[in-house]
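Handing you this structure, nothing more for now.
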Amino acid sequence: MHEKSIQTLEFPKILAKVAHEAAFSASKDLVMELAPTPDLEQARRRLAYTTEASQLIDLHADAGVRGAHDIRPLLARAARDGVLTPADLVEVLDTTRSMIYVARLLDKLDPETFPLLHILGQDIPQRPHIVRRIEETVSEEGEVLDTASPALRKIRFDIRGANQRLQERLRTLVNEFGNSLQEPIITIRNDRYVVPVKSESRSHVRGIVHDQSSSGATVFVEPMVVVELNNRVRELQIEERQEIERILRVLSSEIGREAESLKVGVELLAEFDMHLAKARYGRMTRSNEPRLNDQGRIDLLNARHPLLTGKVVPINFHLGRDFFMVVITGPNTGGKTVALKTVGLLTLMAQAGLHIPVDPESEIAIFEDVFADIGDEQSIEQSLSTFSSHLTRIVEILRRIDEEQKRGAPDIHGKMAETLVKKQVNDPHMLVLFDELGAGTDPSEGSALARAILAYLQVRHITTVATTHYSELKAFAHEQPGVVNASVEFNIETLSPTYRLSIGLPGRSNALAIANRLGLDESIIERSREFLGSAGVRMENLLEGLQSERKAAEDERFNLSMERAEAEYQRRQLEEERHKLEEQRVKILNEARAQARRELEDVQTQLAKVKVDVSRINLTRERLGEARQIARNLEEKVTALPEPMRPRRKEAEPERAEGPLQIGDTVRVLSFGQNAELVGLSADRSEAEVQMGALRFRVSVDNIERLSKRKAAAVQERPNVMLPRYEDRPEVATQLDMRGWRVEQALEELETYLNDAAMSGMSSVRIVHGKGTGALRAAVREHLAHHSLVKSYTSAPPQEGGDGVTIVKLSA
């Protein structure tokens, strides 16, 4: 792209801010190398990377490359048989760990949500053996560890022993030399252990002088008796250094063999970090991913210039459908140049894969080149005025456009040009931005030149945005097909710009209005109008009329919106009234059902009394049939009524709940047609234990149905009716013999037996458990003590089994 225009639009400043968010030098370099791409698919791919990185930050706020370094120079040295230092190895270690971390992080991402980052993670090489080798060799501080090799461990053990012997011998000598020493200490000179001897006592200490103090009062002597010990320490230290060099050379060679793959890893880490940097910058500027097209359409909603600080007034800008050229007019400092730069800079950012500060519904076009001539720039060296400097750049831009179009199409002139204008064929491949076109010279000549330049671009259908003060260009934009006026608004009352951009309406210079507002003599203003000429006055009147019409249209739209709001309010009121009527209807139905429920409860009480009579007297089958028929009639009466209703605001939940059975669920026992509470499940979940009123028994899971929460709530509000069917009861023995049973088996069978006995109307039963150790008897009686069907229990008489038998009386 046109490098000068990229600089003019301050795109490098954006890249610098993005690079500031990158974690290491390799990714910073990648950011600074970012350039807008003219390829639509590549631009979309870049934006998709940024979007995925932003979503990744939402999931993992600390996502990054951690302590990665640009180790490519180190890898190149290792590949050439160079030796890496311990500090170099620490950098390789940190970077290799980062590769493993990032690869595993991206591998865990959902490929549907993060397709690009997931693939990038699969390409990052992982070399855990390199990590392990370096960790065994050097510490985090860059020190070679004893574990680097067995030889190094032995040498360092020997060094510690030799140093210990040397230190012990020197401490003995310090005591022997006494007053001959300047201080009773041991120090080091030239890597040899020495003692500080007074100069006048030099003859008292035999040894090698290694140094002398600056005053000459002290000489540092290595006593002869420790020379051999010192020599041994030095020899071991040399062996240590040689072994360390060997270790580093071997490890560097291993890294050199992996240099190519590790280099790829660094580059992929840099790419990943670049995407994160783009995402972080986008979040800082409250940016979004725009839609892209290659048809020259630009539709920016609430766009902000990302380099502006403080309170920024967003603009709405669009072109590329009904028109491809916009001429922006308005007062100085009103925001024309900022609007121009915003359009150009956001275009470059989107093509580089950066999110832009606009609303998410915004759309922007991809251009092969963007040209910009913005700002006052004089060239002292070339003796160019502001006008000459602008014109020089314009000439260069027009020449580049002409060259680009010659490569892609024949020359455009004459009838061919007219045909293009009529067909409104737009060349979406170039965007041209002109600031104050034709300014800096005689107004009449500058206006004519500016109009000619715009006509040149119009014929070639180049997407163009230009700012100007010239009224002639306002008329040009109004008259020519494919061209439209725009303006930045100005508040006459406050004499300040609003910075809002209006497409389709030319701006007024407002000079005479401002002068009048500031109190300039009315006669001078009238004289100015005369000098302005009839054409100028007509233009100002036209603009004033257009603004008035636009204001009237906005008022009309406002009135229509208020009417729509009123209609919506009335609709809501009617809906609320309908809902109230529905609630009243439901209330009436529910009251009727409550009355029927009370009648059913009365019958239930009567049936309970019948049950008591059956257990105590010989009730005839005819009387039982009559009672049962009365209950059935009432049940049918209640069933005929509708279920309690709720206001139909949401779709009703299904009566049957989905999902696995859980302890505590309300279920329906299909064989009984009654509801119960699920209190237990067998290990293989084939049988269920349910509590139905006072009865507790086991059934197959195929015989129960889990109820929804709504249905369960209805069940709790409406008690179940248990109708006894005496003629269908099974024959139940009066005695349960459980001698020799395990406690768990006995209690389970006891529960079933008590339920069957109660349903059969029996008033008492015998439980034979034997005496034995007494454990079974104790467990049975503990269970009976808390059972809802048991009225009392006692041991049988001695002649009937005594403590080996328990007589149980059942509740009526």
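Quick check on the range 785-794. Is at least one of its residues farther than 17 Å from F697 by Cα, part of a helix (DSSP H, G or I), open to solvent by less than 50 Å² (accessible area, probe 1.4 Å) and at pLDDT 85 or above?
Within the range 785-794, the subset farther than 17 Å from F697 by Cα is 785, 791-794.
Of the ones still in play, those that are also part of a helix (DSSP H, G or I) are 785.
In the following step, the residues that additionally are open to solvent by less than 50 Å² (accessible area, probe 1.4 Å) were identified as none.
Within the range 785-794 (the criterion being farther than 17 Å from F697 by Cα, part of a helix (DSSP H, G or I), open to solvent by less than 50 Å² (accessible area, probe 1.4 Å) and at pLDDT 85 or above), the answer is no, since none of the residues qualifies.
Here is a follow-up. Looking at this structure, is R192 surrounded by fewer than 16 Cβ atoms within 10 Å (Cβ to Cβ) and closer than 13 Å to V233 by Cα?
Values: surrounded by fewer than 16 Cβ atoms within 10 Å (Cβ to Cβ): no; closer than 13 Å to V233 by Cα: yes.
Considered against the rule, which asks whether it is surrounded by fewer than 16 Cβ atoms within 10 Å (Cβ to Cβ) and closer than 13 Å to V233 by Cα, R192 comes out as no.
Follow-up. Take S763 and tell me if it is polar (S, T, N, Q), in contact (Cβ under 8 Å) with a residue 60 or more places away in the chain and farther than 21 Å from V699 by Cα.
Details: polar (S, T, N, Q): yes; in contact (Cβ under 8 Å) with a residue 60 or more places away in the chain: yes; farther than 21 Å from V699 by Cα: yes.
So S763 fits the description; yes.
Still on this structure: Can you tell which of L262, L236 is surrounded by 18 or more Cβ atoms within 10 Å (Cβ to Cβ), under 30 Å from F157 (Cα atoms) and modelled with pLDDT of 90 or more? Step through it out loud before you land on a result.
Working: L262 fails: under 30 Å from F157 (Cα atoms).
So the residue among L262, L236 that is surrounded by 18 or more Cβ atoms within 10 Å (Cβ to Cβ), under 30 Å from F157 (Cα atoms) and modelled with pLDDT of 90 or more is L236.
Read through the list (1) in a helix (DSSP H, G or I); (2) surrounded by fewer than 22 Cβ atoms within 10 Å (Cβ to Cβ); (3) among the hydrophobic types (A, V, I, L, M, F, W, C), then give the number of the only condition that L74 fails.
Evaluating L74 over (1) in a helix (DSSP H, G or I); (2) surrounded by fewer than 22 Cβ atoms within 10 Å (Cβ to Cβ); (3) among the hydrophobic types (A, V, I, L, M, F, W, C) leaves (2) as the failure.
Just to be sure I understand the filter: pairs with C-beta atoms under 8 Å, separated by 6 or more residues or on different chains, first member in the range 51-67 and closer than 12 Å to L117 by Cα, second member open to solvent by 70 Å² or more (accessible area, probe 1.4 Å). Which pairs pass?
Listed by first residue and then by second, the contacts come to T51/E289; S54/R283.
Scanning the range 152-189 for residues that are among the small types (G, A, S) and within 20 Å of Q242 (Cβ to Cβ), which turns out least open to solvent (accessible area, probe 1.4 Å)?
Narrowing the range 152-189 to residues among the small types (G, A, S): 161-162, 178, 180.
Restricting the remaining residues to those that are within 20 Å of Q242 (Cβ to Cβ) gives 161-162.
Working: G161: 19, A162: 4 Å².
Out of the qualifying residues, it is A162.
Continuing with this model, one more query. Kindly indicate the residue of the range 315-337 that is under 32 Å from the mean Cα position of the chain (by Cα) and open to solvent by 50 Å² or more (accessible area, probe 1.4 Å) and also nearest to G296 (Cα to Cα) among those meeting that condition.
The extreme case among them is H318.
Inspect all residues belonging to the range 356-370 and state whether any of them is in contact with a Leu (Cβ under 8 Å, 6 or more places away or on another chain), among the hydroxyl-bearing types (S, T, Y), touching a residue at least 40 places away in the same chain (Cβ under 8 Å) and buried (at least 24 other Cβ atoms within 10 Å of the Cβ). Give the derivation first.
The initial filter retains those residues of the range 356-370 that are in contact with a Leu (Cβ under 8 Å, 6 or more places away or on another chain), namely 356-359, 361-367, 369-370.
Within this subset, residues satisfying the condition of being among the hydroxyl-bearing types (S, T, Y) are 362.
If we keep only those that are touching a residue at least 40 places away in the same chain (Cβ under 8 Å) as well, we get 362.
Among the residues that remain, those that are also buried (at least 24 other Cβ atoms within 10 Å of the Cβ) are: none.
No - not one qualifying residue is present in the range 356-370.
Another question, if that's okay. With respect to L723, determine if the residue is modelled with pLDDT under 85 and within 60 Å of the chain's Cα centre (by Cα). Spell out how you get there, then give the answer.
Details: modelled with pLDDT under 85: yes; within 60 Å of the chain's Cα centre (by Cα): yes.
When the stated conditions are applied, L723 passes them.
Another question, then. If I filter the range 277-295 down to residues being crowded, with 24+ Cβ neighbours inside 10 Å and assigned to a helix (DSSP H, G or I), which single residue comes out as nearest to the chain's Cα centre (by Cα)?
Selected residue: A279.
Listed residues R698, R685; which is part of a loop (DSSP other than H, G, I, E, B), at pLDDT 60 or above and in contact with a helix residue (DSSP H, G or I) (Cβ under 9 Å, 6 or more places away or on another chain)? First the steps, then the outcome.
Numbers: R698 fails: part of a loop (DSSP other than H, G, I, E, B).
None of the other options fit; the residue is R685.
A further question on this structure: I want to confirm something. Restricting to the range 572-611 and keeping residues that are within 27 Å of S760 (Cα to Cα) and open to solvent by less than 40 Å² (accessible area, probe 1.4 Å), which single residue is modelled with the lowest pLDDT?
V610
Further, regarding this structure: Of (1) of a type in the set (D, E, K, R); (2) open to solvent by less than 10 Å² (accessible area, probe 1.4 Å); (3) modelled with pLDDT under 85, D373 satisfies all except one. Which?
(3)
Could you list all residues from the range 122-151 that are within 35 Å of the chain's Cα centre (by Cα) and open to solvent by 20 Å² or more (accessible area, probe 1.4 Å)?
Hits for the range 122-151 are Q122, D123, Q126, R127, P128, H129, R132, E135, E140.
Being of a type in the set (D, E, K, R), part of a helix (DSSP H, G or I), at pLDDT below 80 and surrounded by 13 or more Cβ atoms within 10 Å (Cβ to Cβ) narrows it down to one residue among R508, R557, R550; which is it? Talk me through it step by step, then tell me what you get.
Working: R508 fails: part of a helix (DSSP H, G or I); R557 fails: surrounded by 13 or more Cβ atoms within 10 Å (Cβ to Cβ).
After applying the criteria, what remains is R550.
In the range 301-343, which residues are basic (K, R) and in contact (Cβ under 8 Å) with a residue 40 or more places away in the chain? Lay out the reasoning, then the answer.
Let us first name the residues in the range 301-343 that are basic (K, R), namely 304, 311, 321, 336, 341.
Of everything in the range 301-343, those that are basic (K, R) and in contact (Cβ under 8 Å) with a residue 40 or more places away in the chain turn out to be R304, K336, K341.
Would you check if there is a residue in the range 431-440 being farther than 15 Å from A466 by Cα and at pLDDT 55 or above?
So in the range 431-440, the residues farther than 15 Å from A466 by Cα come out as 440.
Next, from what is left, pick out any that are at pLDDT 55 or above: 440.
Scanning the range 431-440, I find at least one residue that is farther than 15 Å from A466 by Cα and at pLDDT 55 or above, so the answer is yes.
What number goes with the only condition from (1) farther than 21 Å from D29 by Cα; (2) surrounded by fewer than 18 Cβ atoms within 10 Å (Cβ to Cβ) that V90 does not pass?
Evaluating V90 over (1) farther than 21 Å from D29 by Cα; (2) surrounded by fewer than 18 Cβ atoms within 10 Å (Cβ to Cβ) leaves (2) as the failure.
A further question on this structure: Confirm whether E568 is within 40 Å of the chain's Cα centre (by Cα), assigned to a helix (DSSP H, G or I), at pLDDT 75 or above and exposed (fewer than 12 other Cβ atoms within 10 Å of the Cβ).
Details: within 40 Å of the chain's Cα centre (by Cα): yes; assigned to a helix (DSSP H, G or I): yes; at pLDDT 75 or above: yes; exposed (fewer than 12 other Cβ atoms within 10 Å of the Cβ): yes.
Yes, satisfied.
Listed here are the residues, each with its yes/no results for (1) surrounded by 18 or more Cβ atoms within 10 Å (Cβ to Cβ); (2) modelled with pLDDT under 75; (3) of a type in the set (S, T, Y).
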site: L747; (1), (2), (3): no, no, no
site: S764; (1), (2), (3): no, no, yes
site: V768; (1), (2), (3): no, no, no
site: R777; (1), (2), (3): yes, no, no
site: E782; (1), (2), (3): no, no, no
site: P797; (1), (2), (3): no, no, no
site: E800; (1), (2), (3): no, no, no
site: K809; (1), (2), (3): no, no, no
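The values are calculated or read from the model by the stated rules, or taken from the named source; none is laboratory data. Keep in mind that what you see is a predicted model, and the values were worked out from it rather than measured. Quick reminder, even Gly has a Cβ in these numbers, built from the backbone with ideal geometry, and neighbours come from all protein chains shown. Calculation scope for accessible area: heavy atoms of the full protein, side chains included, ligands and nucleic acids excluded. Shrake-Rupley method; radii C 1.70, N 1.55, O 1.52, S 1.80 Å.
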